[in-house]
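Below you'll find the structure, written out as structure tokens, and then a few comments.
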């Protein structure tokens, strides 16, 4: 009996179109069928989870032009429905969950939002310019918290998921993670984040170079938990766990931008097979993301110069994943339509 991959490819190739004419949609259709282990895959209750956390290094303004308080303010904006991710998830009928992974604010009185998940590990990480961002115990606890969140969502029927983030200063953690794992220099990995000027970018690179040397980041590429504890964020660590759980639950994972891919770099160090479940939404406009994707040998769906985060790229790509599944299931074959499959 032919393998599932062979059967899926035959089903794709015999639709009423030239072979390969739907381009990347055909690649996605094949991947989704393999993830779900069926010739008739489906997208059920897709969701985006935005993990939010603060970074101690952001408090001194070394790496970011925006004040640290913006993280908490944006969480409230998510809950009020006013952010870009709210617009796109509403437009595309995608569930949205917001997680307090470690924001430096008290959200204990937020009890009237069913989509808000309280999972705070601490009031932000420590300043890794001076000390480790978190303990290894905290890193592992954050990963486990991310796993549980996704496991609970999967149990309610979601089989397609994307992850976003909010955290002033988190492009710095992502750049250090990228440098440690890929071997690219910190200059190649560091971008403007939330709109740094040329002078601010130069200061950011200088600060991260010091952090890289202080924590010997270049020696931690094969030690993902240590790497997270030294220079990570609680939201990034929870995303690592979220990726691992999503793959374990055979979910389709739609990967967002720079920070989400940095978290994935750590997840794939823990479980390399997680990449089999990943569809990459877009190439971020943030410096370094294209190099990340090249390192992973990935071709993303979109390239629109976006660098907002929040899971916005994933929210825009999920409808295209739905389109791939729809053509696979609903488009007629040459035989069904009575159309000749090649020239007589």
(request) Multiply the residue gap between residue 291 and residue 276 by 0.36 nm, knock off their C-alpha separation, and tell me the result in nm, one decimal place. (result) 3.4 nm
(request) Using label points projected 7 Å from each Cα along Cα→Cβ, tell me how many nm separate residue 188 and residue 323, to one decimal. (result) 3.3
(request) Whole Å is fine, so just give me how far the alpha carbon centre of the range 220-246 lies from that of the range 131-145. (result) 8
(message) Which one, 199, 310, 26, has the greatest fluctuation when you compute a Gaussian network model over the chain with C-alpha springs under 10 angstrom?
(response) 199
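How much length is gained on full extension from residue 116 to residue 151, taking 0.36 nm per residue of separation minus their Cα-Cα distance? Numbers along the way, then the final one.
Working: separation 35, 0.36 × 35 = 12.60 nm, distance 1.60 nm.
Contour length minus Cα-Cα distance gives 11.0 nm.
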(request) Figure the gain on full extension for residue 109 and residue 144 (residue separation times 0.36 nm, minus the Cα-Cα span) and round it to one decimal in nm. (result) 10.2 nm
(message) Need one number: nm distance between label points at residue 13 and residue 95, each 7 Å from Cα along Cα→Cβ, rounded to one decimal.
(response) 3.8
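Please say if the range 183-287 is rounded, prolate or oblate, where rounded means a/c under 1.5 for a ≥ b ≥ c the square roots of the C-alpha gyration tensor eigenvalues, and otherwise the choice is prolate for a/b larger than b/c and oblate otherwise? Before the final figure, lay out the partial values.
Working: a/c = 2.52, a/b = 1.51, b/c = 1.67.
Note, shape of the range 183-287 comes out oblate.
Is it possible to state the helix-based mean residue ellipticity at 222 nm for the chain, with each DSSP H run of 4+ residues giving -39500 (n - 2.57), the sum divided by total residues, to the nearest 500 deg cm²/dmol? What is it? Don't skip to the answer; put the middle values down first.
Working: 14 runs with 162 residues, N = 344.
Value at 222 nm, helices only, nearest 500: -14500 deg cm²/dmol.
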(request) On a C-alpha basis, how far is the centre of the range 34-54 from the centre of the range 267-337 in Å? Whole number, if you could? (result) 12
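What is the packing order of peptides 284-291, 65-72, taking the mean over residues of other C-beta atoms within 10 Å and listing the highest first?
Details: 284-291: 20.8, 65-72: 17.8.
Top to bottom by mean Cβ count within 10 Å: 284-291, 65-72.
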(request) Mind telling me which of 160, 278, 40 comes out most flexible in a GNM of the chain, alpha-carbon contacts under 10 Å? (result) 40
(message) At a threshold of 8 angstrom on Cα-Cα distance, excluding pairs fewer than six apart, so keeping six or more, what relative contact order does the chain reach in percent?
(response) 25
(message) Using the basic label-point model (7 angstrom from Cα toward the beta carbon), what is the residue 1 to residue 123 distance in nanometres?
(response) 6.0
(request) Under a 10 Å cutoff between Cα atoms, tell me which one of 112, 256, 100 has the largest fluctuation in the Gaussian network model of the chain. (result) 112
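Every number in this text was worked out from the coordinates using simple rules, so none of it is lab data. All values derive from a computational prediction rather than experimental measurement. Backbone-built Cβ (ideal geometry, glycine too); neighbour counts: all protein chains shown.
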